[in-house]
Structure formats: C-alpha cells, structure tokens
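The values are calculated or read from the model by the stated rules, or taken from the named source; none is laboratory data. Remember, predicted model here, so these are calculated numbers, not experimental data. Note that each Cβ is placed from the backbone with ideal geometry, even for glycine, and that neighbours are counted across all protein chains shown.
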Amino acid sequence: MDNTLTNLDSIERAARRREKTRNTVVYIVLAVWAVMVLFPFYWMVLTSFKSYSEYNAEYIPKFFTASPTFGNYADVFTAVPLGKYLLNTTIFTVITTAVMLIVTVLAAYAFARIKFAGRDVTFLTFLALMMIPNELVIITNFVTITNLGLRNSFTGLILPSITSVFYIYLLRENFAQVPDELYYAAKVDGTSDLKYLFKVMMPVCRPTIVTITILKVIECWNSYVWPRLITDDQAYFLVSNGIQEIRENGLGRENIPAMMAAVVVISIPLIVLFLLFHKKIMAGVSQGGTKG
C-alpha cells in the first residue's frame with residue numbers, strides 16, 4: 001500500500017514538473033513573440049521623440065534618447081494641415097460605419113429570418129462576391145464614381161464602403177443562432193419584424209455588432225488605396241493622404257523623426273480603441289463563429 005502511494009506521489013510530482021516546464025517554455029516563446037511584435041511600435045515612438053540632428057548623428061541606432069523633444073509633433077501639424085485630415089477621416093469613418101451598420105443589420109436579418117423565394121441561392125451568390133479580387137472592385141468603383149461626377153467628395157469616398165459581404169455573413173450566422181421559438185412567439189404577440197429585430201435580435205447579438213463596428217472603424221481609418229485614388233483635392237484628404245503628402249513634400253523623406261511623429265498621431269486613436277474594446281472584439285468573433 002505504501003509503495004503504491006509512493007509511486008502515485010512520484011507520478012504526480014513528475015506530471016507537475018512536466019506541466020511547469022511546458023508552461024515555462026510557452027511563456028518564454030510568448031514573451032519573445034510579444035517583444036518582436038511590440039518593438040516596431042516602441043521604435044516608432046522613440047524615433048518620434050528624437051531631434052533631427054540627434055537622429056542623423058547616430059551611426060549606431062540607440063534604444064533610448066537622453067533629450068526627448070516634442071518639436072516633431074509641432075512640425076507635422078504646421079508642415080501640412082494634419083488636423084484637417086484627422087477631421088476628414090473622422091467624418092468619413094463615422095458616416096461610413098453608421099450607414100454600413102444599417103445595411104449590414106437589415107441584410108443579415110433578411111437572410112437569417114425572412115423567408116422569401118430564392119433566399120438561399122441569393123445568399124450563396126452574395127457570398128461568391130467574396131471571391132472577386134479587390135483590385136477589380138476598385139476599378140469598377142472608380143469608373144462608376146467618376147461617371148457619376150462624385151470624385152473629390154465625401155459621397156464618393158463613402159459609397160463604395162457602406163457594405164461588406166463578410167460582415168453580413170458574420171452577423172447572419174449570429175442571428176441564425178437565436179432560437180426560432182422567440183421569433184414565432186413574437187409574431188403571435190403581433191410584433192413586427194423591425195420591432196423584433198431591434199428589441200430581441202440586436203440586444204442578443206450585441207457583441208458581434210460591436211465587433212463589426214470596431215473593425216469597420218479600423219478599416220476606414222486605415223483606408224489608403226481608395227482615398228488616394230478618388231481624391232486629389234486637399235479639402236477631402238484623409239490621414240492616409242496626409243502621410244503621403246508629408247513624405248512627398250520633403251519633410252518626411254529627410255526628417256524621419258517628424259514622419260514617425262505623424263504616424264504616432266494617426267495611430268493613437270486606433271490603439272486606444274483596440275485597448276478599450278479588445279475583449280468585446282474577441283467575444284464577438286467567438287460568438288459569431290460558434291454554432292448551437
């Protein structure tokens with residue numbers, strides 16, 4: 001009996017050692033990976049606080065600065081109207097996200113709950129649009145917006161971005177998980193489809209809706225190709241245009257610290273947004289991808 005207990009205790013201690021060793025290896029790998037991912041951000045912020053002369057005098061890059069300066073941040077706001085670009089980007093992001101949410105919620109609800117002839121075929125055809133390369137869509141959108149005379153306007157910037165096949169699919173799958181019994185009970189009580197959508201479906205699926213909203217905000221804020229293609233009037237430039245202008249006017253090309261300062265200013269809103277809502281993003285993606 002004593003030998004059996006001793007053997008069990010030895011096995012348990014060996015299992016704990018293996019578990020501890022495995023956890024240690026995993027944490028080391030994660031720590032190294034975190035350093036690799038975060039180092040470019042650290043270098044960007046560090047460089048933005050170095051003066052132009054200090055940066056150029058470094059034959060060997062230094063991982064710290066003894067005399068940080070905020071002059072680079074002042075330079076990027078005076079060299080180009082970066083404040084105006086930030087305002088334009090905010091307007092573009094807010095309007096595009098709001099309209100996209102309306103389109104996405106209504107389309108996802110129709111595909112998930114409303115029965116009409118050819119619904120499944122239409123949805124499969126809709127999903128097939130995801131197979132079309134973005135380059136072809138951009139060309140088509142450019143020709144359409146140009147023919148409509150909407151270049152250099154917020155309407156031209158916003159229209160091609162107000163729908164997303166992926167977001168509709170994600171939300172439709174989430175809506176489909178809500179039990180049918182709730183819908184039938186609501187219809188017996190005389191509840192309209194719109195009222196059922198706003199009172200039942202949207203509250204239940206709030207994590208996914210929040211996730212879609214945040215992802216769309218990030219997508220709009222980081223939009224580069226379309227704004228560069230459809231606008232050449234400075235009054236409608238977004239931050240992506242601003243970064244390119246800073247680089248092209250000589251400041252960013254020669255003054256790397258000033259360029260890094262501009263990138264930091266543009267990145268801060270997205271970093272703060274992600275830090276505040278990262279748990280909701282993970283929860284929404286998980287809920288949208290789980291069946292049953």
Cβ-Cβ under 8 Å, sequence separation 6+ or interchain: first residue in region 183-202 and more than 22 Å from Thr104 (Cα to Cα), partner aromatic (Phe, Trp, Tyr). Which pairs?
Ala186/Tyr196; Lys187/Tyr196
Going by what's in this entry, would Thr78 be described as surrounded by 15 or more Cβ atoms within 10 Å (Cβ to Cβ) and in the same structural domain as Met260 (by TED's automatic domain parsing)?
no
Counting only residues in region 228-242 that are over 17 Å from Leu159 (Cβ atoms) and in contact with a Leu (Cβ under 8 Å, 6 or more places away or on another chain), the one modelled with the highest pLDDT is identified as Val239
Please specify each residue of region 60-75 satisfying the condition of being of a type in the set (D, E, K, R) and loosely packed, with under 15 Cβ neighbours inside 10 Å.
Lys62
Before we move on, is Lys115 assigned to a loop (DSSP other than H, G, I, E, B) and either of a type in the set (D, E, K, R) or outside the structural domain of Asn222 (by TED's automatic domain parsing) (or both)?
yes
Can you tell me which of Tyr59, Tyr55, Tyr27 is in contact (Cβ under 8 Å) with a residue 12 or more places away in the chain and either over 25 Å from the mean Cα position of the chain (by Cα) or not assigned by TED's automatic domain parsing to the domain that holds Glu173 (or both)?
Tyr55
Selection count, region 33-59, where residues are modelled with pLDDT of 80 or more, loosely packed, with under 10 Cβ neighbours inside 10 Å and of a type outside the set (Gly, Ala, Ser)
3
Ala108 passes all but one of the listed conditions (1) at pLDDT 85 or above; (2) under 20 Å from Asp233 (Cβ atoms); the exception is number (2)
With the structure loaded, tell me whether Asn152 is surrounded by 12 or more Cβ atoms within 10 Å (Cβ to Cβ) and at pLDDT 80 or above or whether it fails that test.
yes
State all residues of region 120-154 that are more than 30 Å from Arg206 (Cβ to Cβ) and not hydrophobic (A, V, I, L, M, F, W, C); if no residue qualifies, say none.
Pro133, Glu135, Thr140, Asn141, Thr144, Thr146, Asn147, Gly149, Arg151, Asn152, Ser153
Selected residue (criterion: surrounded by the fewest Cβ atoms within 10 Å (Cβ to Cβ)) from residues of region 155-169 that are of a type in the set (Val, Ile, Thr) and not in a loop (DSSP other than H, G, I, E, B)
Thr155
Would you confirm whether any residue within region 51-69 is over 27 Å from Val217 (Cα atoms), in a helix (DSSP H, G or I) and of a type in the set (A, V, I, L, M)?
yes
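When you go through Val143, Val103, Val121 one by one, which is the residue that is exposed (fewer than 12 other Cβ atoms within 10 Å of the Cβ), among the β-branched types (Val, Ile, Thr) and closer than 30 Å to Phe237 by Cβ? Steps first, please.
On the way: Val103 fails: exposed (fewer than 12 other Cβ atoms within 10 Å of the Cβ); Val121 fails: closer than 30 Å to Phe237 by Cβ.
Val143 is the lone residue from the list that is exposed (fewer than 12 other Cβ atoms within 10 Å of the Cβ), among the β-branched types (Val, Ile, Thr) and closer than 30 Å to Phe237 by Cβ.
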